[in-house]
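First comes the structure, then the notes that go with it.
Taken together, the values in this text are just the output of simple stated rules run on the coordinates, not laboratory data. This is a predicted model, so every value here is computed, not measured. Every residue, glycine as well, gets a Cβ built from its backbone with ideal geometry; the counts of neighbours run over all protein chains shown.
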Amino acid sequence: MADPRFFDVAGPYSLKELAKISGGTLSGNSDGEKQFLDVASLNEAGASDVSFLDNAKYVDSFSQSSAGAVIVRPAIASKAPAGMQLIMMNDPYHGYARVARAFYPKKITEKVLSKTACVDETALVGNSCRIDSGAVIGANVTIGNGCWIGANSVICMGVAIGNDTHIGPNVTLERCLIGSQVIIHAGVRIGQDGFGFAMGPKCHLKVPQLGRVIVEDDVEIGANTTIDRGAGPDTIIGAGSKIDNLVQIGHNVQLGRGCVVVSQVGISGSTVIGEFSAIGGQVGIAGHLEIGPGTQVAAQSGIMRNVAPGEKICGTPARPIREFMRGVALIEKMSKKRGK
């Protein structure tokens, strides 16, 4: 059970309600009226809790679990202990995510403006918004309904934020447009100058950065990530993309919808990354490249060339993963021969 000091649980929900929420179906002998109070892991769940099994390596935990109900694939349902209620579906983790969101919804029911927040008189703040202590809302800012602006965050002049967006503490937003249902975690910086200079032998002349950052709907941006505004064209973060902590995204980058970018990635300016690409941790991507849709990049790779759609690449310089693994195997083979 989540710590009640930090999380408010909703419910209870009946088993048939949970099946509908998850998108799954009940097993034949299920009691659809049985009530459940919370979600928990297989090892910690009790009779009033809902859990899930997505990874087959945890089948033993599933078979020994005391959970009252579990979301599980039909092929594994036979491993359930006696008396356990089952919600069956082919993607249990997605089902669990929907159920957990139902038990722990993010709702702001009334408008709450801290006395120590500074809100410019020209700012438009929507209904049911919460603005915490020390937040600064600049001139002509527009904030949609149901938003939460964390303590000491600064929303600079002209920024627009959609509905139901959560801005964590100590965030700065400038020269950007933020969509609806966006989550921006603590310490994020969006819209600051891009790293643009006209290089020369006597001096490096700063180039005005005249674009914006566009963050589309349903994006999540992890703590202490930075996204530079465009130099002329906008920097764009596509709808549904998920960005981890400590990521750097340079000016003019276009990140397609549904992309996943893991922590400590650096994406240089003017690179275009196609939709539903997955970029592993600590990857470095050079500027002015085109990364095709559906690309998968292994952790700590360095990308210095364009990448075709759907490629799986690894290494520095990055190349197709099979080619990379053959090279590793060859080096190991040569090393062993030399050792002999």
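A compact table of results
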| quantity | calculated |
| --- | --- |
| Within a Gaussian network of the chain (alpha carbon springs, distance under 10 Å), most fluctuating of His185, His94, His288 | His94 |
| Hits among aspartates and glutamates - C-alpha to C-alpha of Lys115 under 17 Å, sequence gap 8 or more where chains match | Asp132 |
| Tensor-based shape of segment 13-103 (alpha-carbon gyration tensor, a/c under 1.5 rounded, otherwise prolate or oblate) | rounded |
| Neighbourhood net charge (11 Å Cβ-Cβ; Lys/Arg +1, Asp/Glu -1) for Pro320 | +2 |
| Viscosity 1.567 mPa s, 4 °C: Kirkwood-radius Stokes-Einstein D of segment 2-60 over Cα pairs, µm²/s | 101 |
| Mean Cα-pair separation over length for the chain, i.e. relative contact order, pairs under 8 Å, 6 or more apart, % | 7 |
| Over 23 Å between alpha carbons, listed pairs Lys242/Lys312; Lys79/Lys242; Lys20/Lys107; Lys106/Lys242; Lys34/Lys107; Lys57/Lys79 | Lys79/Lys242; Lys34/Lys107 |
| Arg326, Arg189, Arg175, Arg5 arranged by Cβ crowding within 10 Å, fewest neighbours leading | Arg5, Arg326, Arg189, Arg175 |
| Highest-MSF residue in the chain out of Ala102, Ala123, Ala308 [GNM, Cα springs under 10 Å] | Ala102 |
| Computed over the chain, the ratio Rg/Rh where both radii use C-alpha atoms and Rh is Kirkwood | 1.06 |
| Residue with peak Gaussian network fluctuation, the chain [Cα springs, cutoff 10 Å], from Ala186, Ala160, Ala75 | Ala75 |
| Counting DSSP beta bridges with both ends in the chain, the antiparallel % (nearest 5) | 10 |
| Only Lys, Arg (+1) and Asp, Glu (-1) charged, at Cβ; segment 13-103 dipole about Cα centre in debye | 220 |
